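Shown next, in structure tokens, is the structure this report addresses.
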Amino acid sequence: MIGVTDADESDEVLAFIAERRGPVLRAAIDDLAAAPVDDLPDVTHRLHGILGSYGLDEAHEYIAALAELLADADVSAAQAQAARESTVVELRRLADEGGA
Amino acid sequence: MSESVLVIDDAAEVRELLSVALRGAGYRVVEADSGPAGIEAYHAHQPDLILLDIGLGSMDGLEVCRQLRAVSSAPIIFLTSRADEVDELVGFAAGGDDYVTKPFSPKVVVARVGSLLRRQQRAATDDRTRFEAGPLVVDTESRTTLLDGSAIHLTRTEFDLLTAMMENPERVCTREMLLERVWGEWFGDTHVVEVHMSRLRNKVTAAGGPKIGTVVRGVGWRLGVS
């Protein structure tokens, strides 16, 4: 479930989200890229809540997929690292395209 | 003066978004970025309601809730990304009144805040303030519950559920009636009534009281004590 739809929120909230979603996505990318592998589950957990609440739907889906992979007890550190890197690439693409 | 809400969340983006939505709805907002800071802010500002993230760092939201419950009856709404049932139950067990899952809609959070605060106001303005049934006494003015003269500590939700049943012990309270009476507007799983009823029943029996909240199959609950 994504938190925000245009039909639901007040103009004030929508204006705030529109202004902040770019910086929020950029900050999320930085956090994800810089996190130690062991911290990735916590970081993705946190970003999952943030990105969805700002209506960054596509970015939220990438993070949700990464979180699901990290939740697998059998995933290796190398697999986690590779998944993180590909997620960062996708999020950067979204940011460069102007959002999600 | 407008009502105040304390937002405790370690994610600045979440605090900012909630603050904009709540201020837009006329509430005063205080923010805290950790459990200890939240407890300190509670004592400094005495907010009317608390929005509390479960996934805080060194002191998690459940522990913060327990500590706040020791000194406050202000409604607490949990913010959680862990939406599975066990976490919900643990959340309520810690003394929360409601929960919102992340990602959230700011509008829904504001609606939940308004609903809980209206509930609080209704409780404060009821004419009759003391109800008795068997060994149980509730006083809605002091918001105290006595069992054979000894106080039992109930959460706000448990207290309101008990009061709804004790106002007329013979009446059957339907799920809809209790949702409207205790939660006001409810957007989540309606089985929330069972969760809180079970906790209320367990608290009363653990304190040596009668088994309350008799199930009237297919209809609702009756106090079960006359």
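Each reported figure results from applying straightforward, stated rules to the coordinates on display, with no laboratory input. Keep in mind that this is a model prediction, so the values were computed, not measured. When we count neighbours, we look across all protein chains shown, and the Cβ atoms used for this are built from the backbone with ideal geometry, even at glycine.
Dipole orientation for the stretch B:167-226: of the candidates B:210, B:193, B:178, B:210 has the Cα lying most toward the positive pole (charges on Cβ; Lys, Arg +1; Asp, Glu -1). Taking a ≥ b ≥ c as the square roots of the Cα gyration tensor eigenvalues, the stretch A:50-100 comes out oblate, since a/c reaches at least 1.5 and a/b does not exceed b/c.
From other protein chains only, count the Cβ atoms within 10 Å of every residue's Cβ in A:10-16, then give the mean.
Working: counts 7, 1, 6, 10, 1, 1, 7.
Per-residue shielding by partner chains comes out at 5.
Note on A:45-58: average number of Cβ atoms from other chains within 10 Å of each residue's Cβ is 5. Packing-based ranking of B:70-77, A:68-75 yields B:70-77, A:68-75, ordered from highest to lowest mean Cβ neighbour count within 10 Å. Can you tell me which of B:58, B:34, B:19 moves the most in a GNM of chain B? Springs connect C-alpha atoms under 10 Å apart. Fluctuation is largest for B:58. Available extension along the chain between residue A:30 and residue A:77 is 15.0 nm, counting 0.36 nm per residue and deducting the alpha carbon span.
The charge dipole of chain B, taken about its Cα centre with unit charges on the Cβ of Lys, Arg, Asp and Glu (plus for the first two, minus for the last two), comes to roughly 640 debye.
Does the stretch B:4-123 classify as rounded, prolate or oblate by the C-alpha gyration tensor (a ≥ b ≥ c root eigenvalues; a/c under 1.5 gives rounded; else a/b over b/c gives prolate, otherwise oblate)?
On the way: a/c = 1.16, a/b = 1.13, b/c = 1.03.
Note, shape of the stretch B:4-123 comes out rounded.
In order along the stretch B:49-64, the phi-based Karplus estimate (6.51 cos²θ - 1.76 cosθ + 1.60, θ = phi - 60°) of 3J(HN,Hα) comes to 8, 10, 9, 10, 6, 6, x, 6, x, 5, 10, 6, x, 5, 5, 4 Hz; Gly and Pro are listed as x.
For the stretch B:126-222, the Kirkwood radius over C-alpha pairs fed into Stokes-Einstein at 20 °C and 1.002 mPa s yields D = 158 µm² per second.
Once the C-beta distance of residue B:211 and residue A:37 is scaled by a Förster radius of 56 Å, the resulting FRET efficiency is 0.60 to the nearest 0.05.
Given an 8 Å cut-off on Cα distances and at least 6 residues of separation, report the relative contact order of chain B as a percent.
On the way: 367 pairs, mean separation 31.0, N = 226.
Across chain B, relative contact order equals 14 percent.
Divide the volume of the convex hull around the Cα atoms of the stretch A:11-96 by the residue count and you get 73 Å³ per residue.
For the protein assembly as shown, with only Lys/Arg (+1) and Asp/Glu (-1) charged at the beta-carbon, what is the dipole magnitude about the Cα centre, in debye rounded to 20?
Working: 32 positive and 54 negative charges, 298 e Å.
Dipole about the Cα centre, nearest 20: 1440 debye.
Can you give the average number of partner chain beta-carbon atoms within 10 Å of each beta-carbon in peptide B:21-28, as a whole number?
Values: counts 6, 0, 1, 6, 3, 0, 0, 0.
Mean inter-chain Cβ contacts per residue within 10 Å come to 2.
Taken about its Cα centre, the stretch B:145-226 carries a charge dipole of about 280 debye when Lys and Arg each add +1 at the Cβ and Asp and Glu each add -1 at the Cβ.
Computed from Cα atoms, the angle from the helix B:156-166 axis to the main principal axis of chain B rounds to 20 degrees.
Fully extending the segment from residue B:146 to residue B:45, taken as 0.36 nm per residue of separation minus the present Cα-Cα distance, adds 33.4 nm.
Between amide H atoms placed 1.01 Å from N, distances below 5 Å from residue B:78 occur with B:52, B:97, B:98, B:99, B:100, all of them 5 or more places distant or on a separate chain.
Short-range pairs are left out: with C-alpha atoms under 8 Å and at least six residues apart, the relative contact order of the stretch B:4-123 is 24 percent. Centre-to-centre, using Cα atoms only, the stretch A:30-100 and the stretch B:157-194 are separated by 41 Å. For the pair residue A:58 and residue A:15, the difference between a 0.36 nm per residue extended length and the Cα-Cα distance amounts to 13.5 nm. Once the Cα atoms are used to define both axes, helix B:192-206 deviates from the longest principal axis of chain B by about 60 degrees. Taking only Cα atoms, what is the 0 to 90° angle, nearest 10, from helix A:11-34's long axis to the longest principal axis of chain A? The angle comes out at about 20 degrees. Take every DSSP beta bridge whose two residues both sit in the protein assembly as shown; close to 50 percent of them are antiparallel. Which residue, B:181, B:143, B:23, has the most motion in a Gaussian network model of chain B that connects Cα atoms within less than 10 Å? With Cα springs under 10 Å in chain B, the top fluctuation among B:181, B:143, B:23 is at B:23. Taking only the Cα atoms of the protein assembly as shown, the radius of gyration and Dmax are 21.7, 68 Å.
What relative contact order, as a whole-number percentage, does chain A give when Cα pairs under 8 Å and 6 or more residues apart are counted?
On the way: 84 pairs, mean separation 36.0, N = 100.
Result for chain A is 36 percent.
Rounded to the nearest 0.05, the FRET efficiency derived from the C-beta distance between residue B:23 and residue B:121 at R0 = 22 Å is 0.65. Between residue B:225 and any residue 5 or more places off or on another chain, the built amide H atoms are never under 5 Å apart.
Packing, as the average of other Cβ atoms within 10 Å across residues, places the peptides B:105-117, B:193-205, B:209-221, A:14-26 in the order B:105-117, B:193-205, A:14-26, B:209-221, highest first.
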